[in-house]
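The values are calculated or read from the model by the stated rules, or taken from the named source; none is laboratory data. Computed from a prediction, not measured in an experiment: that's the story for all the values here. For neighbour counting, all protein chains shown are included, and Cβ atoms are generated from backbone atoms with ideal geometry for every residue, glycine included. Just the protein is used for accessible areas: all its heavy atoms, side chains included, with ligands, DNA and RNA removed. Shrake-Rupley method; radii C 1.70, N 1.55, O 1.52, S 1.80 Å.
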Amino acid sequence: MRSMKTTERNRVRALAAVRSVRVRVLASILLLTALGMTLAGVAVYLVQKSRIDHRVRLHVDREAAEFEKFSALAVDPRTGKPFTSLDRLLSTATQRNVPDEHEALLAVIDGAVRYSSPGSRPERLSTDEAFLRAVQAVIDSGEPALAAVGTAAGRVQLAVRPVARRGHSGAWVVVHWTEREEAEFTDVMRTYVLTALGVLLLVAIAGWFVTGRLLAPIRLLRRTALRITDTDLTQRISVSGHDDLAELGRTFNVMLGRLEHAFTGQREFLDDVGHELRTPITVVRGHLELLDSCDPAEVEEVRALVIDELNRMARMVDDLLVLARAERPDFLRLAAVDVGSLIDEVFEKARALGDRRWRVDARAEAELYGDSQRLTQALLELAHNAVALTGENDTVALGSAVDEEGGTVRLWVRDTGPGVAPDDADRIFDRRRRGASGRRGGSGLGLAIVRAITEAHGGRVLLDSRPWHGATFTLVIPRVHADRPARVPSWEPTR
């Protein structure tokens, strides 16, 4: 059984290796290379073969033309007069001409090979019926001709020049064995094939390593994906270069960052829900468990307490939803915002939060690109926080100013309350921590919401405070909306 399982695993691994991208890419490269070499070889072979045939035809035709010139102008060395005997003409011509390599010069008289030039080896063709038929057909036609004939001695190219003297007919035949020249070229092609196979082997070896390096980011991506779990999204791919695979790795890292950010936001939301709602739920349950339903006064008291806790829970849920939506791209509805009008509207709304000495420190006449409703929400959260920590004789002020050099707008809320302790300055914006002064919104999430809105605008929150000398919270907002940095603090205490 174990042996069968091992065999099955090996078979699966072998199939996976065969189907891998590396093997398929390499196979495609080899196939295309082999196809290209084959097409090149076939093209060279056909072109060269055509050239050989053409060269041979020109050669045998030239040899035959030289014979015609000889027969027209030459004289019989015995008589000193033009040849009158067919036999004498052809015998003299064969004795005076020497054939080239792969060639034979023959004289055919009355259908038989009678004479041949030295080295022609006429016995190979003198009894070949196909050769004799082809020559006789030209003699019968009386016109010179070129012909390719397959004989027992191999494929030959013929140039036949018919000759007639005193009732006898014959022909001067130039024979060229084309297969012998083609055989030389075949040796060249055989060398080409062996060389091509060697090149394919080298391409396969080099391609295996090259594709391995090129596909390394994909294997790394696969291993990284296997290491990712729902509790660990910190894995990233090490990327170098600027090619498509490097861009794929960077895109994968960006995707992992988004997933990690989304999962982190989800966990934070669940943690916030559990942390913020646990206390009011415990309070409501405890009072209901101890409630004496027969005591009308106690029932009324518990009823008021439960309603108050439920209202607080409703605001907590609203605040948590604001924080959860702060990371979404549609959190802001961007438009041109008149800073002066924004301060005026917030001032009128904030005065209803409590009886304080309200004032406007400065009012900038400028515009920024942002969400006026979200900015109003952030400033009112700060104003509500200031009212909660100050008395009737304290001052709460709002203001705005333009930093032309930095291209930002500053919106602030200032109070003369107890301020923020230095130890609290680094933690009051955290969702689940309270400062010693209790400077938080009613749900405990007010300053976290302020930070989220500011970050969504690509800005940051500044805190200037000294204990018992008041606190100033300043929103620094770019006039032109900028993408917010991911997961970096956007506020800093100033002293």
> So residue 195 fits all but one of (1) at pLDDT below 85; (2) in a helix (DSSP H, G or I); (3) loosely packed, with under 13 Cβ neighbours inside 10 Å; (4) β-branched (Val, Ile, Thr); what number is the exception?
Replying inline: (1)
> Checking residue 222 against (1) loosely packed, with under 12 Cβ neighbours inside 10 Å; (2) modelled with pLDDT of 80 or more, which single condition isn't satisfied?
Replying inline: (2)
> So which pairs qualify, if the first residue must be in segment 322-338 and in contact (Cβ under 8 Å) with a residue 24 or more places away in the chain and β-branched (Val, Ile, Thr), the second must be open to solvent by 30 Å² or more (accessible area, probe 1.4 Å) and not in a strand (DSSP E or B), the Cβ gap must be under 8 Å, and the two must be at least 6 apart or on different chains?
Replying inline: 322/377; 337/372
> For segment 325-340, what are the residues that are assigned to a helix (DSSP H, G or I) and open to solvent by 50 Å² or more (accessible area, probe 1.4 Å)?
Replying inline: 325
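Quick check on my filter: what residues within segment 341-361 are basic (Lys, Arg) and either in a helix (DSSP H, G or I) or in contact (Cβ under 8 Å) with a residue 40 or more places away in the chain (or both)?
349, 351, 356 - these are the residues of segment 341-361 that are basic (Lys, Arg) and either in a helix (DSSP H, G or I) or in contact (Cβ under 8 Å) with a residue 40 or more places away in the chain (or both).
Take residue 131 and decide whether it is touching a Phe, Trp or Tyr at 6+ places or on another chain (Cβ under 6 Å) and either among the hydrophobic types (A, V, I, L, M, F, W, C) or more than 26 Å from residue 51 (Cα to Cα) (or both).
Values: touching a Phe, Trp or Tyr at 6+ places or on another chain (Cβ under 6 Å): no; either among the hydrophobic types (A, V, I, L, M, F, W, C) or more than 26 Å from residue 51 (Cα to Cα) (or both): yes.
Against the criterion (touching a Phe, Trp or Tyr at 6+ places or on another chain (Cβ under 6 Å) and either among the hydrophobic types (A, V, I, L, M, F, W, C) or more than 26 Å from residue 51 (Cα to Cα) (or both)), residue 131 does not qualify.
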> Across segment 225-239, what is the number of residues that are in contact with a Gly (Cβ under 9 Å, 6 or more places away or on another chain) and either within 21 Å of residue 21 (Cα to Cα) or part of a strand (DSSP E or B) (or both)?
Replying inline: 3
> Give me the pairs: first residue in segment 68-86 and more than 16 Å from residue 170 (Cα to Cα), second residue in a loop (DSSP other than H, G, I, E, B), beta-carbon distance under 9 Å, and six or more apart or on different chains, which are they?
Replying inline: 74/83; 75/81; 75/83; 76/83; 76/84; 76/85; 82/74; 82/76
> Out of curiosity, is residue 171 under 30 Å from residue 125 (Cβ atoms), open to solvent by less than 80 Å² (accessible area, probe 1.4 Å) and not in a helix (DSSP H, G or I)?
Replying inline: yes
> Based on what the data block shows, is residue 490 in contact with a strand residue (DSSP E or B) (Cβ under 6 Å, 6 or more places away or on another chain), modelled with pLDDT under 80, hydroxyl-bearing (Ser, Thr, Tyr) and open to solvent by less than 50 Å² (accessible area, probe 1.4 Å)?
Replying inline: yes
>> So the check is Cβ under 8 Å with 6+ separation or different chains; which pairs have a first residue in segment 286-307 that's at pLDDT below 85 and a second one that's part of a helix (DSSP H, G or I) and among the acidic types (Asp, Glu)?
In response: 291/298; 292/298
> under 20 Å from residue 454 (Cβ atoms) and under 52 Å from the mean Cα position of the chain (by Cα): does that describe residue 381?
Replying inline: yes
> Among the residues of segment 350-364, which ones are modelled with pLDDT of 90 or more and either closer than 21 Å to residue 478 by Cβ or crowded, with 17+ Cβ neighbours inside 10 Å (or both)?
Replying inline: 350, 356, 358, 362, 363, 364
>> Any residue in segment 20-33 that is assigned to a loop (DSSP other than H, G, I, E, B) sitting within a Cβ distance under 9 Å of a residue that is modelled with pLDDT under 85 and surrounded by 12 or more Cβ atoms within 10 Å (Cβ to Cβ)? List the pairs, counting only those 6 or more apart or interchain.
In response: 20/215
>> Among the residues of segment 365-393, what is the count of those that are open to solvent by 40 Å² or more (accessible area, probe 1.4 Å) and touching a helix residue (DSSP H, G or I) at 6+ places or on another chain (Cβ under 8 Å)?
In response: 7
